[in-house]
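Everything on this sheet refers to the single structure shown next.
The values are calculated or read from the model by the stated rules, or taken from the named source; none is laboratory data. In this text the structure is predicted, and so the values were computed from the model without any measurement. Here the Cβ positions follow ideal geometry from the backbone for every residue, glycine too, while neighbour counts run over all protein chains shown. Side chains are part of the model used for accessible areas, which takes the heavy atoms of the whole protein and leaves out ligands, DNA and RNA. Shrake-Rupley method; radii C 1.70, N 1.55, O 1.52, S 1.80 Å.
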Amino acid sequence: MDLRQKYLEFFKERNHKIISGASLIPENDPSVLFTTAGMHPLVPYLLGQKHPSGNRLTDVQKCIRTGDIEEVGDSTHHTFFEMMGNWSLGDYFKEESIALSWEFLTSEKYLNLDKNRIAISVFAGDDDAPFDDESYNIWKKIFESEGLPIERIAKLPKKNNWWPPVGETGPCGPDTEIFYWSDNKKETPSSFNDDNDSWVEIWNNVFMEYNKEKDGSYSMLEQKNVDTGLGLERISAVLNGLDDNYLGKFFINLISKIEELSSLNYKEVDIEKKKSIRIIADHIKAAVMIIGDPKGIAPSNTDQGYVVRRLIRRAIRYGKQIGINKELWLEDIVKIVISDYKDVYEEVEKNQNFIILNFNKEQEKFEKTIEKGIEKIEKLKLDYDKELKDFNLDASTLFDLYQSYGFPLELSFEEINRIRVENGGEDIPEDLKYNCLKEFDSELKKHQEMSRTASAGKFKGGLSDDSEETVKLHTTAHLLLAALRKVLGQHVEQKGSNINSERLRFDFSHSEKMTKEEIKEVEDLVNETISK
Ligand code: SER
(Lines give C-alpha, C1' and ligand atoms only; values in the text may rest on other atoms or scores of the structure.)
Protein backbone atom coordinates (compact mmCIF):
# COMPACT_ATOMS: atom_id res chain seq x y z
CA MET A 1 0.00 0.00 0.00
CA ASP A 2 1.16 3.55 -0.70
CA LEU A 3 2.84 4.93 2.41
CA ARG A 4 0.67 8.02 2.41
CA GLN A 5 -2.43 5.83 2.34
CA LYS A 6 -1.12 3.62 5.12
CA TYR A 7 -0.55 6.64 7.34
CA LEU A 8 -3.93 8.20 6.68
CA GLU A 9 -5.74 4.88 7.24
CA PHE A 10 -3.92 4.34 10.54
CA PHE A 11 -5.14 7.65 11.87
CA LYS A 12 -8.59 7.27 10.35
CA GLU A 13 -8.98 4.02 12.26
CA ARG A 14 -8.11 6.02 15.36
CA ASN A 15 -10.92 8.52 14.86
CA HIS A 16 -9.09 11.14 12.81
CA LYS A 17 -10.79 12.77 9.82
CA ILE A 18 -8.72 12.77 6.63
CA ILE A 19 -8.58 16.30 5.20
CA SER A 20 -6.99 17.38 1.92
CA GLY A 21 -3.67 19.13 1.87
CA ALA A 22 -3.62 22.82 0.94
CA SER A 23 -1.98 24.67 -1.96
CA LEU A 24 1.74 25.44 -1.80
CA ILE A 25 0.81 29.13 -1.90
CA PRO A 26 -0.64 30.22 1.45
CA GLU A 27 -4.10 31.69 1.60
CA ASN A 28 -4.27 35.25 2.95
CA ASP A 29 -0.89 35.11 4.62
CA PRO A 30 1.59 37.73 3.50
CA SER A 31 4.14 36.72 6.15
CA VAL A 32 5.56 33.79 4.15
CA LEU A 33 5.72 32.89 0.48
CA PHE A 34 5.03 29.18 0.73
CA THR A 35 3.30 26.56 2.82
CA THR A 36 6.23 25.40 4.90
CA ALA A 37 4.62 22.81 7.17
CA GLY A 38 1.43 20.84 7.61
CA MET A 39 0.35 23.05 10.51
CA HIS A 40 0.61 26.20 8.42
CA PRO A 41 -2.86 26.08 6.81
CA LEU A 42 -4.31 25.06 10.20
CA VAL A 43 -3.16 28.07 12.25
CA PRO A 44 -6.66 29.53 12.78
CA TYR A 45 -7.81 26.17 14.19
CA LEU A 46 -4.78 25.85 16.43
CA LEU A 47 -5.82 29.23 17.81
CA GLY A 48 -9.30 27.96 18.65
CA GLN A 49 -11.52 28.36 15.60
CA LYS A 50 -13.71 25.25 15.07
CA HIS A 51 -12.55 23.05 12.21
CA PRO A 52 -15.47 21.74 10.10
CA SER A 53 -13.99 18.21 10.22
CA GLY A 54 -13.66 18.10 14.00
CA ASN A 55 -10.76 18.10 16.43
CA ARG A 56 -8.76 15.03 15.26
CA LEU A 57 -7.38 15.52 11.77
CA THR A 58 -4.84 13.91 9.46
CA ASP A 59 -3.46 14.79 6.03
CA VAL A 60 -0.49 14.82 3.67
CA GLN A 61 0.75 18.33 2.96
CA LYS A 62 3.11 19.34 0.18
CA CYS A 63 5.63 21.84 1.52
CA ILE A 64 8.32 24.16 0.20
CA ARG A 65 11.19 25.35 2.39
CA THR A 66 13.53 27.84 0.81
CA GLY A 67 15.23 29.01 3.99
CA ASP A 68 18.21 26.79 3.38
CA ILE A 69 18.22 26.65 -0.39
CA GLU A 70 22.01 26.95 -0.25
CA GLU A 71 22.18 23.87 1.94
CA VAL A 72 20.27 21.55 -0.34
CA GLY A 73 22.67 18.94 -1.56
CA ASP A 74 22.99 16.70 1.48
CA SER A 75 21.13 13.40 1.58
CA THR A 76 18.02 14.41 3.55
CA HIS A 77 17.07 18.09 3.00
CA HIS A 78 14.77 19.07 0.17
CA THR A 79 13.17 22.25 -1.09
CA PHE A 80 9.97 20.37 -1.90
CA PHE A 81 8.85 17.58 0.37
CA GLU A 82 5.70 15.97 1.65
CA MET A 83 4.74 15.92 5.28
CA MET A 84 2.30 13.42 6.71
CA GLY A 85 0.63 14.85 9.78
CA ASN A 86 -1.94 14.30 12.49
CA TRP A 87 -3.53 16.96 14.66
CA SER A 88 -5.37 17.22 17.89
CA LEU A 89 -7.16 20.54 18.23
CA GLY A 90 -7.66 20.64 21.97
CA ASP A 91 -8.37 16.89 22.08
CA TYR A 92 -5.60 14.37 22.97
CA PHE A 93 -2.21 15.62 24.15
CA LYS A 94 1.28 14.30 24.85
CA GLU A 95 0.54 10.80 26.11
CA GLU A 96 -1.70 9.73 23.24
CA SER A 97 0.30 11.57 20.59
CA ILE A 98 3.53 9.80 21.54
CA ALA A 99 1.77 6.45 21.84
CA LEU A 100 0.24 6.83 18.37
CA SER A 101 3.61 7.65 16.79
CA TRP A 102 5.35 4.79 18.54
CA GLU A 103 2.67 2.33 17.45
CA PHE A 104 2.71 3.44 13.82
CA LEU A 105 6.50 3.29 13.58
CA THR A 106 7.16 0.06 15.43
CA SER A 107 4.13 -2.22 15.33
CA GLU A 108 4.40 -5.18 12.97
CA LYS A 109 1.13 -4.27 11.33
CA TYR A 110 2.42 -0.83 10.30
CA LEU A 111 6.01 0.22 9.67
CA ASN A 112 7.70 -2.37 11.86
CA LEU A 113 10.87 -0.31 12.32
CA ASP A 114 13.72 -1.63 14.43
CA LYS A 115 13.10 -0.13 17.91
CA ASN A 116 16.77 -0.43 18.64
CA ARG A 117 17.57 2.19 15.98
CA ILE A 118 15.28 4.87 17.41
CA ALA A 119 16.34 7.90 19.48
CA ILE A 120 14.35 10.78 20.93
CA SER A 121 14.87 14.41 21.82
CA VAL A 122 12.72 16.56 24.11
CA PHE A 123 12.78 20.22 25.11
CA ALA A 124 15.24 20.92 27.93
CA GLY A 125 13.57 24.13 29.14
CA ASP A 126 14.74 27.75 29.36
CA ASP A 127 13.57 31.16 30.61
CA ASP A 128 10.50 31.11 28.37
CA ALA A 129 9.18 27.63 29.13
CA PRO A 130 10.07 24.76 31.46
CA PHE A 131 11.67 21.38 30.69
CA ASP A 132 9.12 19.12 29.01
CA ASP A 133 9.34 16.47 31.71
CA GLU A 134 5.97 15.06 30.76
CA SER A 135 7.20 13.98 27.31
CA TYR A 136 10.49 12.85 28.78
CA ASN A 137 8.75 10.58 31.27
CA ILE A 138 6.38 9.15 28.68
CA TRP A 139 9.36 8.17 26.51
CA LYS A 140 11.31 6.90 29.50
CA LYS A 141 8.49 4.52 30.35
CA ILE A 142 8.36 3.23 26.78
CA PHE A 143 12.14 2.82 26.57
CA GLU A 144 12.30 1.05 29.93
CA SER A 145 9.55 -1.36 29.02
CA GLU A 146 11.31 -2.14 25.73
CA GLY A 147 14.71 -2.52 27.39
CA LEU A 148 16.22 0.36 25.37
CA PRO A 149 18.96 2.69 26.71
CA ILE A 150 17.60 5.87 28.31
CA GLU A 151 20.68 7.72 26.98
CA ARG A 152 18.97 7.67 23.60
CA ILE A 153 16.49 10.23 24.98
CA ALA A 154 18.21 13.61 24.78
CA LYS A 155 17.20 16.93 26.37
CA LEU A 156 17.93 19.75 23.93
CA PRO A 157 17.45 23.53 23.84
CA LYS A 158 15.00 25.71 21.96
CA LYS A 159 17.09 25.70 18.80
CA ASN A 160 16.42 21.96 18.47
CA ASN A 161 13.17 21.27 20.25
CA TRP A 162 10.83 24.17 19.87
CA TRP A 163 8.50 24.71 16.96
CA PRO A 164 8.25 28.45 16.29
CA PRO A 165 5.24 30.37 14.96
CA VAL A 166 4.86 30.63 11.18
CA GLY A 167 5.35 34.42 11.21
CA GLU A 168 6.46 36.63 14.09
CA THR A 169 3.57 35.67 16.34
CA GLY A 170 1.25 32.71 16.76
CA PRO A 171 0.91 29.19 18.16
CA CYS A 172 4.14 27.41 19.03
CA GLY A 173 5.54 25.06 21.63
CA PRO A 174 8.03 22.40 22.69
CA ASP A 175 8.42 19.37 20.49
CA THR A 176 9.73 15.87 20.76
CA GLU A 177 11.59 14.52 17.76
CA ILE A 178 12.03 10.92 16.72
CA PHE A 179 15.30 9.92 15.03
CA TYR A 180 16.33 6.77 13.22
CA TRP A 181 19.86 5.39 12.90
CA SER A 182 20.44 5.24 9.13
CA ASP A 183 23.95 3.82 8.93
CA ASN A 184 23.71 0.14 7.99
CA LYS A 185 27.39 -0.45 8.51
CA LYS A 186 27.70 0.83 12.06
CA GLU A 187 25.94 -0.43 15.18
CA THR A 188 23.43 1.99 16.68
CA PRO A 189 25.29 4.07 19.31
CA SER A 190 24.00 3.69 22.85
CA SER A 191 23.33 7.41 23.16
CA PHE A 192 21.91 10.11 20.90
CA ASN A 193 24.23 12.72 19.43
CA ASP A 194 22.72 15.67 17.62
CA ASP A 195 25.87 16.22 15.54
CA ASN A 196 25.85 12.80 13.94
CA ASP A 197 24.07 12.95 10.57
CA SER A 198 23.40 9.23 10.64
CA TRP A 199 20.64 10.01 13.15
CA VAL A 200 17.92 11.14 10.76
CA GLU A 201 14.97 13.02 12.17
CA ILE A 202 11.87 11.30 10.90
CA TRP A 203 8.97 12.58 13.00
CA ASN A 204 8.31 15.72 14.96
CA ASN A 205 5.51 15.90 17.53
CA VAL A 206 4.83 19.48 18.52
CA PHE A 207 2.82 20.31 21.60
CA MET A 208 1.32 23.68 20.82
CA GLU A 209 0.38 25.08 24.14
CA TYR A 210 1.93 28.54 23.78
CA ASN A 211 1.26 31.65 21.77
CA LYS A 212 4.10 34.00 20.92
CA GLU A 213 2.97 37.58 21.42
CA LYS A 214 4.01 40.76 19.60
CA ASP A 215 6.31 41.80 22.43
CA GLY A 216 8.16 38.47 22.18
CA SER A 217 6.65 36.95 25.31
CA TYR A 218 4.91 33.56 25.47
CA SER A 219 1.42 33.09 26.84
CA MET A 220 -0.43 29.81 27.37
CA LEU A 221 -2.99 28.91 24.73
CA GLU A 222 -6.44 28.05 26.03
CA GLN A 223 -6.56 25.10 23.68
CA LYS A 224 -3.70 22.61 23.92
CA ASN A 225 -2.91 21.17 20.50
CA VAL A 226 -0.80 18.48 18.91
CA ASP A 227 0.84 19.02 15.52
CA THR A 228 2.94 16.23 14.12
CA GLY A 229 4.92 15.90 10.91
CA LEU A 230 6.42 12.72 9.48
CA GLY A 231 8.59 13.41 6.41
CA LEU A 232 7.55 11.13 3.57
CA GLU A 233 10.84 11.07 1.66
CA ARG A 234 12.87 10.33 4.77
CA ILE A 235 10.69 7.61 6.22
CA SER A 236 10.43 5.98 2.84
CA ALA A 237 14.24 5.90 2.49
CA VAL A 238 14.57 4.50 6.02
CA LEU A 239 12.04 1.73 5.30
CA ASN A 240 14.05 0.74 2.27
CA GLY A 241 17.31 0.66 4.20
CA LEU A 242 18.73 3.66 2.32
CA ASP A 243 20.96 6.30 3.86
CA ASP A 244 20.35 8.69 0.96
CA ASN A 245 16.85 9.93 0.07
CA TYR A 246 17.97 10.50 -3.52
CA LEU A 247 18.25 6.76 -3.99
CA GLY A 248 14.64 6.36 -2.83
CA LYS A 249 11.55 6.25 -5.00
CA PHE A 250 10.83 9.98 -4.80
CA PHE A 251 14.09 10.86 -6.55
CA ILE A 252 15.60 7.85 -8.25
CA ASN A 253 13.93 8.38 -11.64
CA LEU A 254 15.18 11.96 -11.72
CA ILE A 255 18.67 10.87 -10.76
CA SER A 256 18.72 8.26 -13.55
CA LYS A 257 17.74 10.87 -16.12
CA ILE A 258 20.44 13.28 -14.89
CA GLU A 259 22.97 10.44 -15.10
CA GLU A 260 21.93 9.83 -18.68
CA LEU A 261 22.15 13.53 -19.61
CA SER A 262 25.54 14.03 -17.97
CA SER A 263 27.04 10.58 -18.59
CA LEU A 264 27.90 10.38 -14.90
CA ASN A 265 27.25 7.60 -12.44
CA TYR A 266 25.61 9.04 -9.31
CA LYS A 267 26.93 6.39 -6.96
CA GLU A 268 30.48 6.66 -8.23
CA VAL A 269 31.08 10.41 -8.61
CA ASP A 270 32.83 12.53 -5.97
CA ILE A 271 30.79 14.38 -3.35
CA GLU A 272 30.82 17.71 -5.21
CA LYS A 273 29.31 16.18 -8.34
CA LYS A 274 26.90 14.19 -6.23
CA LYS A 275 25.73 17.44 -4.66
CA SER A 276 25.26 19.02 -8.08
CA ILE A 277 23.13 16.09 -9.20
CA ARG A 278 21.03 16.29 -6.03
CA ILE A 279 20.54 20.04 -6.38
CA ILE A 280 19.39 19.66 -9.98
CA ALA A 281 16.85 16.99 -9.03
CA ASP A 282 15.68 18.90 -5.96
CA HIS A 283 15.32 22.28 -7.67
CA ILE A 284 13.58 21.05 -10.80
CA LYS A 285 11.10 19.07 -8.75
CA ALA A 286 10.35 22.04 -6.49
CA ALA A 287 9.90 24.39 -9.45
CA VAL A 288 7.55 21.92 -11.17
CA MET A 289 5.46 21.73 -8.01
CA ILE A 290 5.23 25.52 -7.64
CA ILE A 291 4.50 26.22 -11.30
CA GLY A 292 2.08 23.28 -11.39
CA ASP A 293 0.26 24.18 -8.16
CA PRO A 294 -3.45 24.97 -8.55
CA LYS A 295 -2.36 28.57 -7.96
CA GLY A 296 0.28 28.15 -10.71
CA ILE A 297 3.19 30.58 -10.41
CA ALA A 298 5.41 31.45 -13.39
CA PRO A 299 9.04 32.59 -13.03
CA SER A 300 9.27 36.33 -12.41
CA ASN A 301 11.18 38.89 -10.39
CA THR A 302 8.90 39.03 -7.40
CA ASP A 303 7.77 36.83 -4.54
CA GLN A 304 7.12 33.16 -5.35
CA GLY A 305 7.94 33.76 -9.01
CA TYR A 306 11.40 34.91 -8.05
CA VAL A 307 12.00 31.74 -6.09
CA VAL A 308 10.93 29.68 -9.12
CA ARG A 309 13.34 31.66 -11.28
CA ARG A 310 16.18 31.09 -8.83
CA LEU A 311 15.48 27.37 -8.60
CA ILE A 312 15.46 26.95 -12.37
CA ARG A 313 18.57 29.06 -12.92
CA ARG A 314 20.48 27.25 -10.20
CA ALA A 315 19.53 23.93 -11.77
CA ILE A 316 20.83 25.15 -15.14
CA ARG A 317 24.10 26.31 -13.60
CA TYR A 318 24.68 23.04 -11.80
CA GLY A 319 23.78 21.25 -15.02
CA LYS A 320 26.54 23.13 -16.81
CA GLN A 321 28.95 22.22 -14.05
CA ILE A 322 28.39 18.52 -14.57
CA GLY A 323 28.59 18.84 -18.32
CA ILE A 324 24.99 18.64 -19.44
CA ASN A 325 24.80 20.40 -22.77
CA LYS A 326 21.68 19.15 -24.46
CA GLU A 327 19.40 21.97 -25.57
CA LEU A 328 16.39 22.60 -23.31
CA TRP A 329 17.32 19.57 -21.19
CA LEU A 330 15.28 20.66 -18.19
CA GLU A 331 12.18 19.50 -20.02
CA ASP A 332 13.38 15.87 -19.94
CA ILE A 333 13.52 15.97 -16.15
CA VAL A 334 10.34 18.00 -15.79
CA LYS A 335 8.43 15.26 -17.61
CA ILE A 336 9.66 12.68 -15.15
CA VAL A 337 8.57 14.76 -12.17
CA ILE A 338 5.15 15.03 -13.76
CA SER A 339 4.85 11.32 -14.37
CA ASP A 340 6.15 10.47 -10.86
CA TYR A 341 3.60 12.72 -9.17
CA LYS A 342 0.56 12.88 -11.43
CA ASP A 343 -1.37 10.17 -9.58
CA VAL A 344 -1.03 11.95 -6.26
CA TYR A 345 -1.13 15.58 -7.39
CA GLU A 346 -3.29 15.61 -10.50
CA GLU A 347 -2.67 19.33 -10.94
CA VAL A 348 0.84 18.69 -12.29
CA GLU A 349 -0.60 16.66 -15.16
CA LYS A 350 -3.42 19.11 -15.75
CA ASN A 351 -0.94 21.99 -15.89
CA GLN A 352 1.81 20.20 -17.75
CA ASN A 353 1.75 22.45 -20.80
CA PHE A 354 2.01 25.53 -18.62
CA ILE A 355 4.87 23.95 -16.67
CA ILE A 356 6.89 22.90 -19.72
CA LEU A 357 6.30 26.19 -21.50
CA ASN A 358 7.59 28.15 -18.51
CA PHE A 359 10.63 25.95 -18.02
CA ASN A 360 11.59 26.31 -21.67
CA LYS A 361 11.02 30.06 -21.70
CA GLU A 362 13.10 30.50 -18.58
CA GLN A 363 15.88 28.30 -19.83
CA GLU A 364 16.05 30.17 -23.15
CA LYS A 365 16.09 33.50 -21.35
CA PHE A 366 18.84 32.45 -18.98
CA GLU A 367 20.94 30.89 -21.73
CA LYS A 368 20.77 34.23 -23.56
CA THR A 369 21.85 36.05 -20.43
CA ILE A 370 24.80 33.73 -20.13
CA GLU A 371 25.69 34.17 -23.78
CA LYS A 372 25.62 37.96 -23.51
CA GLY A 373 27.77 37.88 -20.38
CA ILE A 374 30.34 35.62 -22.02
CA GLU A 375 30.47 37.88 -25.10
CA LYS A 376 31.12 40.82 -22.81
CA ILE A 377 33.93 38.97 -21.04
CA GLU A 378 35.44 38.05 -24.42
CA LYS A 379 35.51 41.78 -25.28
CA LEU A 380 37.13 42.60 -21.96
CA LYS A 381 39.69 39.92 -22.69
CA LEU A 382 40.65 41.64 -25.96
CA ASP A 383 41.18 44.93 -24.12
CA TYR A 384 43.23 43.33 -21.37
CA ASP A 385 46.67 44.87 -21.31
CA LYS A 386 48.51 42.29 -19.21
CA GLU A 387 49.25 38.66 -19.91
CA LEU A 388 46.12 36.57 -20.35
CA LYS A 389 47.42 33.84 -18.08
CA ASP A 390 46.88 36.40 -15.30
CA PHE A 391 43.51 37.55 -16.63
CA ASN A 392 41.29 39.07 -13.97
CA LEU A 393 38.43 41.53 -13.67
CA ASP A 394 38.01 44.11 -10.96
CA ALA A 395 35.05 44.03 -8.61
CA SER A 396 33.22 46.91 -10.27
CA THR A 397 33.35 45.19 -13.68
CA LEU A 398 32.10 41.99 -12.11
CA PHE A 399 29.37 43.95 -10.46
CA ASP A 400 28.41 45.56 -13.73
CA LEU A 401 28.16 42.14 -15.38
CA TYR A 402 26.00 40.99 -12.53
CA GLN A 403 23.79 44.03 -12.31
CA SER A 404 23.32 44.99 -15.95
CA TYR A 405 23.48 41.61 -17.64
CA GLY A 406 22.19 39.36 -14.86
CA PHE A 407 25.38 37.35 -15.22
CA PRO A 408 26.01 35.26 -12.09
CA LEU A 409 29.22 35.96 -10.22
CA GLU A 410 30.23 32.28 -10.10
CA LEU A 411 30.05 32.14 -13.88
CA SER A 412 32.29 35.19 -14.17
CA PHE A 413 34.91 33.40 -12.11
CA GLU A 414 34.51 30.28 -14.20
CA GLU A 415 35.08 32.30 -17.38
CA ILE A 416 38.07 34.09 -15.88
CA ASN A 417 39.61 30.76 -14.90
CA ARG A 418 38.91 29.28 -18.31
CA ILE A 419 40.75 32.16 -19.99
CA ARG A 420 43.67 31.92 -17.57
CA VAL A 421 44.05 28.18 -18.03
CA GLU A 422 43.70 28.39 -21.82
CA ASN A 423 46.62 30.79 -21.79
CA GLY A 424 48.88 28.63 -19.70
CA GLY A 425 47.93 30.05 -16.31
CA GLU A 426 46.20 28.60 -13.28
CA ASP A 427 42.86 29.21 -11.58
CA ILE A 428 42.63 32.57 -9.87
CA PRO A 429 44.33 32.34 -6.44
CA GLU A 430 41.92 32.06 -3.51
CA ASP A 431 43.15 35.23 -1.77
CA LEU A 432 42.64 37.33 -4.90
CA LYS A 433 39.19 35.88 -5.32
CA TYR A 434 38.39 36.53 -1.70
CA ASN A 435 39.38 40.22 -1.95
CA CYS A 436 37.37 40.55 -5.07
CA LEU A 437 34.31 39.03 -3.41
CA LYS A 438 34.66 41.45 -0.52
CA GLU A 439 34.78 44.44 -2.83
CA PHE A 440 31.92 43.05 -4.85
CA ASP A 441 29.89 42.80 -1.69
CA SER A 442 30.53 46.41 -0.79
CA GLU A 443 29.54 47.48 -4.34
CA LEU A 444 26.34 45.57 -3.82
CA LYS A 445 25.70 47.28 -0.48
CA LYS A 446 26.40 50.69 -1.97
CA HIS A 447 23.94 49.98 -4.71
CA GLN A 448 21.32 48.85 -2.24
CA GLU A 449 21.80 52.00 -0.21
CA MET A 450 21.19 54.02 -3.32
CA SER A 451 17.93 52.36 -4.08
CA ARG A 452 16.60 51.37 -0.73
CA THR A 453 13.74 49.22 -1.82
CA ALA A 454 13.10 45.63 -1.01
CA SER A 455 12.63 44.94 -4.64
CA ALA A 456 16.07 46.28 -5.33
CA GLY A 457 17.06 43.71 -2.71
CA LYS A 458 15.51 41.09 -4.90
CA PHE A 459 17.09 42.58 -8.00
CA LYS A 460 20.44 41.89 -6.44
CA GLY A 461 20.26 38.55 -8.18
CA GLY A 462 20.96 40.63 -11.23
CA LEU A 463 17.69 39.45 -12.65
CA SER A 464 16.17 42.89 -12.82
CA ASP A 465 12.98 43.11 -14.75
CA ASP A 466 13.93 46.27 -16.53
CA SER A 467 10.62 46.80 -18.27
CA GLU A 468 9.71 50.44 -18.58
CA GLU A 469 6.74 50.03 -16.24
CA THR A 470 8.86 48.52 -13.51
CA VAL A 471 11.47 51.24 -13.76
CA LYS A 472 8.75 53.87 -13.52
CA LEU A 473 7.28 52.27 -10.43
CA HIS A 474 10.71 51.94 -8.89
CA THR A 475 11.23 55.68 -9.28
CA THR A 476 7.76 56.23 -7.86
CA ALA A 477 8.76 54.33 -4.72
CA HIS A 478 11.38 57.04 -4.04
CA LEU A 479 8.85 59.80 -4.66
CA LEU A 480 6.41 58.07 -2.38
CA LEU A 481 8.86 57.89 0.50
CA ALA A 482 9.72 61.57 0.12
CA ALA A 483 6.02 62.52 0.04
CA LEU A 484 5.18 60.37 3.07
CA ARG A 485 7.96 62.04 5.02
CA LYS A 486 6.71 65.47 4.06
CA VAL A 487 3.13 64.71 5.08
CA LEU A 488 3.60 62.41 8.09
CA GLY A 489 7.05 63.39 9.31
CA GLN A 490 10.69 62.42 9.01
CA HIS A 491 10.21 59.34 11.21
CA VAL A 492 8.72 57.45 8.26
CA GLU A 493 11.02 54.60 7.29
CA GLN A 494 10.68 52.32 4.35
CA LYS A 495 10.13 48.77 5.60
CA GLY A 496 9.98 47.03 2.29
CA SER A 497 8.50 47.30 -1.12
CA ASN A 498 7.52 45.05 -3.88
CA ILE A 499 7.47 46.15 -7.46
CA ASN A 500 6.48 44.47 -10.66
CA SER A 501 5.32 45.86 -13.95
CA GLU A 502 1.71 46.03 -12.75
CA ARG A 503 1.86 47.59 -9.34
CA LEU A 504 3.94 49.02 -6.56
CA ARG A 505 3.53 47.94 -2.96
CA PHE A 506 5.24 50.05 -0.36
CA ASP A 507 5.55 49.19 3.35
CA PHE A 508 6.50 51.88 5.81
CA SER A 509 6.48 52.70 9.50
CA HIS A 510 4.01 55.13 11.04
CA SER A 511 2.15 54.74 14.30
CA GLU A 512 -1.35 55.53 13.04
CA LYS A 513 -3.65 54.73 10.23
CA MET A 514 -3.39 57.43 7.60
CA THR A 515 -6.45 59.67 7.23
CA LYS A 516 -8.17 60.17 3.88
CA GLU A 517 -6.78 63.70 3.77
CA GLU A 518 -3.22 62.54 4.36
CA ILE A 519 -3.50 59.89 1.66
CA LYS A 520 -4.82 62.48 -0.77
CA GLU A 521 -2.00 64.86 0.10
CA VAL A 522 0.63 62.19 -0.53
CA GLU A 523 -1.00 61.22 -3.82
CA ASP A 524 -1.08 64.81 -4.97
CA LEU A 525 2.56 65.39 -4.08
CA VAL A 526 3.68 62.29 -6.01
CA ASN A 527 1.51 63.11 -9.02
CA GLU A 528 2.73 66.71 -9.07
CA THR A 529 6.34 65.59 -9.16
CA ILE A 530 5.60 63.10 -11.92
CA SER A 531 3.88 65.70 -14.08
CA LYS A 532 6.75 68.12 -13.51
N1 SER B 1 5.28 21.57 12.51
C2 SER B 1 6.18 20.47 12.69
C3 SER B 1 7.09 20.28 11.52
O4 SER B 1 6.80 20.75 10.45
C5 SER B 1 5.40 19.20 12.92
O6 SER B 1 4.43 19.02 11.94
O7 SER B 1 8.10 19.64 11.68
Exercise for the section: Show the residue pairs that are 6+ apart or on different chains and have beta-carbon atoms under 7 Å apart, the first residue being within the range 101-113 and over 17 Å from M1 (Cβ atoms), the second being of a type outside the set (D, E) and not in a loop (DSSP other than H, G, I, E, B). Expected result: S101/I178; S101/W203; S101/N205; S101/T228; W102/I142; T106/K115
Completion exercise
Within the range 13-42, residues basic (K, R) and closer than 21 Å to N204 by Cβ come out as R14
Exercise for the section: With the checklist (1) closer than 30 Å to L33 by Cα; (2) within 16 Å of the ligand (Cβ to nearest atom); (3) open to solvent by less than 10 Å² (accessible area, probe 1.4 Å) in hand, flag the one item A237 doesn't pass. Expected result: (2)
Exercise for the section: Take H478 and decide whether it is at pLDDT 70 or above and under 30 Å from S396 (Cβ atoms). Expected result: yes
Exercise for the section: Would you mind telling me which numbered condition in (1) touching a residue at least 40 places away in the same chain (Cβ under 8 Å); (2) in contact with a strand residue (DSSP E or B) (Cβ under 6 Å, 6 or more places away or on another chain); (3) away from the ligand (no atom under 16 Å from the Cβ); (4) not charged (D, E, K, R) T228 fails? Expected result: (3)
Practice task
For the range 5-31, enumerate the residues that are in a loop (DSSP other than H, G, I, E, B) and either loosely packed, with under 15 Cβ neighbours inside 10 Å or more than 15 Å from the ligand (Cβ to nearest atom) (or both).
Solution key: R14, N15, S20, S23, I25, E27, N28, D29, P30, S31
Completion exercise
By residue number, the members of the range 190-223 that are within 15 Å of the ligand (Cβ to nearest atom) and open to solvent by 40 Å² or more (accessible area, probe 1.4 Å) are E201, K212
Problem - Hits in the range 326-338 - residues which are basic (K, R) and part of a helix (DSSP H, G or I) - result: K335
Completion exercise
Per the list (1) within 29 Å of the chain's Cα centre (by Cα); (2) closer than 18 Å to E95 by Cβ, residue check on D194 breaks on (2)
Problem - Of residues in the range 71-113 being of a type in the set (F, W, Y) and under 23 Å from the mean Cα position of the chain (by Cα), the one nearest to V60 (Cα to Cα) - result: F81
Completion exercise
All conditions in (1) in contact (Cβ under 8 Å) with a residue 60 or more places away in the chain; (2) touching a Gly at 6+ places or on another chain (Cβ under 9 Å); (3) of a type in the set (D, E) are true of D74 except (2)
Practice task
Tally the residues that are at negative phi, modelled with pLDDT under 85 and surrounded by 12 or more Cβ atoms within 10 Å (Cβ to Cβ), restricting the search to the range 487-509.
Solution key: 13
Handout entry: Single residue of the range 44-54 satisfying the filter (within 24 Å of K212 (Cα to Cα) and surrounded by fewer than 18 Cβ atoms within 10 Å (Cβ to Cβ)) that is farthest from the ligand (Cβ to nearest atom)
Key = K50
Completion exercise
The residue from E134, E177, E146, E187 that alone is in contact with a Ser or Thr (Cβ under 9 Å, 6 or more places away or on another chain) and open to solvent by 50 Å² or more (accessible area, probe 1.4 Å) is E146
Fill in the blank from the handout: Picking from E272, E260, E268, the residue that is over 25 Å from the mean Cα position of the chain (by Cα), under 25 Å from R310 (Cα atoms) and more than 16 Å from the ligand (Cβ to nearest atom) would be E260
Fill in the blank from the handout: Residue set E209, E259, E187, E233; condition part of a helix (DSSP H, G or I) and under 30 Å from K155 (Cβ atoms); output residue E233
Problem - Residues (under 16 Å from I333 (Cα atoms) and not hydroxyl-bearing (S, T, Y)) located in the range 303-321 - result: V308, L311, I312, R313, R314, A315, I316, R317, G319, K320
Practice task
Examine the range 20-30 for a residue that is closer than 30 Å to Y136 by Cβ and not hydroxyl-bearing (S, T, Y), and state whether such a residue exists.
Solution key: no
Problem - Subset tally (residues that are buried (at least 19 other Cβ atoms within 10 Å of the Cβ), without any contact (Cβ under 8 Å) to a residue 60 or more places away in the chain and within 16 Å of the ligand (Cβ to nearest atom)) for the range 149-164 - result: 2
Exercise for the section: Would you confirm whether any residue within the range 266-282 is modelled with pLDDT of 95 or more, part of a helix (DSSP H, G or I) and closer than 30 Å to F207 by Cβ? Expected result: no
